[in-house]
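J.: Here it is: the structure, laid out below.
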Amino acid sequence: MNNVQTEIDHAEKRCHSHGTRLTHKRKQVLAGLLLSGKALSAYELASYCQTEIAETISVMSVYRILDFLEGEQLVHKLKLANKFVACSHISCSHSHGVPQFLICNQCQSVREITINQSTFKSLQQNVEEAGYHLVSPQLEMSCLCDECMSKAA
Ligand SMILES: [Zn+2]
Ligand SMILES: [Zn+2]
Ligand SMILES: [Zn+2]
């Protein structure tokens, strides 16, 4: 995990280059998500910000802010879990690939990996053969992380 402040600095630069602004509240919400290192719902994130960084933000505002951060590709929404996770490529300069999320059932930690092109192509092909069209290729997989796996053993 990179230093949170470094990530925030990069996020701020990215917003600036898009002509948007990472306001104080937006910064706090992103920092909260980065610090937690987990996928959190807007409710969980609002209470995390309250207890961990002493920042009171209403759930409605957290939703709005997450929406903004998602638009800037600084956070991702896990559609199945209805939770949000900080992007792990905030400080990268390469273009963002199709993300795949590995979510630990036990501790809720999330790893963001990039699907390789050939896997993506064959997925897409399967979908189209079934007569459907892919709207969002984002994959969310239910997993057990190494740590939880070894605890269970
Ligand atoms: Zn990402
Ligand atoms: Zn990267
Ligand atoms: Zn785990």
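J.: If I filter the stretch 41-51 for residues that are buried (at least 17 other Cβ atoms within 10 Å of the Cβ), small (Gly, Ala, Ser) and assigned to a strand (DSSP E or B), do I get at least one hit?
T.: no
J.: Hey, another quick one. Which of the following residues is under 13 Å from Ala39 (Cβ atoms), small (Gly, Ala, Ser) and within 15 Å of the chain's Cα centre (by Cα): Ser142, Ser109?
T.: Details: Ser142 fails: within 15 Å of the chain's Cα centre (by Cα).
After applying the criteria, what remains is Ser109.
J.: Then there is this: For Glu55, indicate whether it is assigned by TED's automatic domain parsing to the domain that holds Arg14 and part of a helix (DSSP H, G or I). Break it down stepwise before answering.
T.: Details: assigned by TED's automatic domain parsing to the domain that holds Arg14: yes; part of a helix (DSSP H, G or I): no.
The answer is no for Glu55.
J.: Give the number of residues within the stretch 46-90 that are in contact (Cβ under 8 Å) with a residue 40 or more places away in the chain and on the phi < 0 side of the Ramachandran plot.
T.: 16
J.: Can we say Met141 is outside any loop (DSSP other than H, G, I, E, B), without any contact (Cβ under 8 Å) to a residue 12 or more places away in the chain and either surrounded by 11 or more Cβ atoms within 10 Å (Cβ to Cβ) or within 16 Å of ligand 3 (Cβ to nearest atom) (or both)?
T.: On the way: outside any loop (DSSP other than H, G, I, E, B): yes; without any contact (Cβ under 8 Å) to a residue 12 or more places away in the chain: no; either surrounded by 11 or more Cβ atoms within 10 Å (Cβ to Cβ) or within 16 Å of ligand 3 (Cβ to nearest atom) (or both): yes.
Spelling it out, it is not the case that Met141 is outside any loop (DSSP other than H, G, I, E, B), without any contact (Cβ under 8 Å) to a residue 12 or more places away in the chain and either surrounded by 11 or more Cβ atoms within 10 Å (Cβ to Cβ) or within 16 Å of ligand 3 (Cβ to nearest atom) (or both).
J.: Just checking, which of Cys107, Cys87 is outside the structural domain of Leu40 (by TED's automatic domain parsing) and not charged (D, E, K, R)?
T.: Working: Cys87 fails: outside the structural domain of Leu40 (by TED's automatic domain parsing).
Unique residue meeting the criteria: Cys107.
J.: Inside the stretch 94-129, can you point out the residues that are assigned to a strand (DSSP E or B), polar (S, T, N, Q) and within 21 Å of Ala46 (Cα to Cα)? Talk me through it step by step, then tell me what you get.
T.: At the first step, the residues of the stretch 94-129 found to be assigned to a strand (DSSP E or B) are 99-104, 109-114.
Next cut, polar (S, T, N, Q) only: 100, 109, 114.
Of everything in the stretch 94-129, just one residue is assigned to a strand (DSSP E or B), polar (S, T, N, Q) and within 21 Å of Ala46 (Cα to Cα), namely Ser109.
J.: Then there's this: Does the stretch 102-115 include one or more residues that are surrounded by fewer than 17 Cβ atoms within 10 Å (Cβ to Cβ) and farther than 21 Å from Cys148 by Cα?
T.: yes
J.: Quick one: count up the residues across the stretch 78-93 that are in a loop (DSSP other than H, G, I, E, B) and within 11 Å of ligand 1 (Cβ to nearest atom).
T.: Residues of the stretch 78-93 in a loop (DSSP other than H, G, I, E, B): 79-82, 87-93.
After this cut, where a residue has to be within 11 Å of ligand 1 (Cβ to nearest atom) as well, the list is 87-90, 92.
Result for the stretch 78-93: 5.
J.: Can you name every residue in the stretch 52-82 that is crowded, with 17+ Cβ neighbours inside 10 Å and over 15 Å from the mean Cα position of the chain (by Cα)?
T.: Selection gives Glu55, Ile57.
J.: To continue, here is another question. If we scan the stretch 53-66, do we find a residue that is hydroxyl-bearing (Ser, Thr, Tyr) and within 21 Å of Ser136 (Cβ to Cβ)?
T.: yes
The values are calculated or read from the model by the stated rules, or taken from the named source; none is laboratory data. Predicted, not measured: the structure shown is a model, and the values here were computed from it. Please note: Cβ atoms are built from the backbone with ideal geometry, for glycine as well, and neighbour counts cover all protein chains shown.
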